[in-house]
């Protein structure tokens, strides 16, 4: 697992990302021999300044939410050449919505990162005018419920590298890597990624 933060001022200037976690429960096999996961994808923020109590926490949270709303976000997943992402969706205010495959983001990922011949990158953008519904796991950890279906999945476990950043930033300038794990026997799968912040 790895992570990288670099090069960009965060929204509001109040925090940086310091890590990400994913937790999924009881995956299901699909008719196409795929795996369908559902769980939480969480991101931990770090204030640049300590102290301030509840007011500072509230300010940091709002700066993050305002930044994501204004700048949007993009996501990349690295899967096998023979695989497809049948679904990547997040819970919004009116149920789950599907992320949209985007050739430009895919091309950006291919330029930014190398991949083995048997792997490929797939990039996604959110549809217009739709927002993820955030929940706060603790003071500075925001979580989003998500669904992921990949097929076919012939060998498990399979680690999927996930890259996310703001929609208006180049991936090479700023990104956070996470690891999502495809597994079909474990009832609960938790993964964690910790960033070294400059």
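Quick one: is residue 125 buried (at least 18 other Cβ atoms within 10 Å of the Cβ) and either in contact with a strand residue (DSSP E or B) (Cβ under 9 Å, 6 or more places away or on another chain) or within 25 Å of residue 59 (Cβ to Cβ) (or both)?
So residue 125 does not fit the description; no.
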Restricting to the range 81-119, give me the number of residues that are without any contact (Cβ under 8 Å) to a residue 60 or more places away in the chain and within 20 Å of residue 36 (Cβ to Cβ). 11
Residues that are modelled with pLDDT under 90 and assigned to a helix (DSSP H, G or I): does the range 1-11 have at least one? yes
Among the strands (runs of 3 or more DSSP E) lying completely within the range 12-130, list those that include at least 2 residues that are under 14 Å from the mean Cα position of the chain (by Cα) and closer than 18 Å to residue 167 by Cβ. 15-25, 35-47, 73-80, 84-92, 119-125
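The values are calculated or read from the model by the stated rules, or taken from the named source; none is laboratory data. Only a predicted model underlies this, so the values are computations on that prediction, with no experimental measurement involved. Quick reminder, even Gly has a Cβ in these numbers, built from the backbone with ideal geometry, and neighbours come from all protein chains shown.
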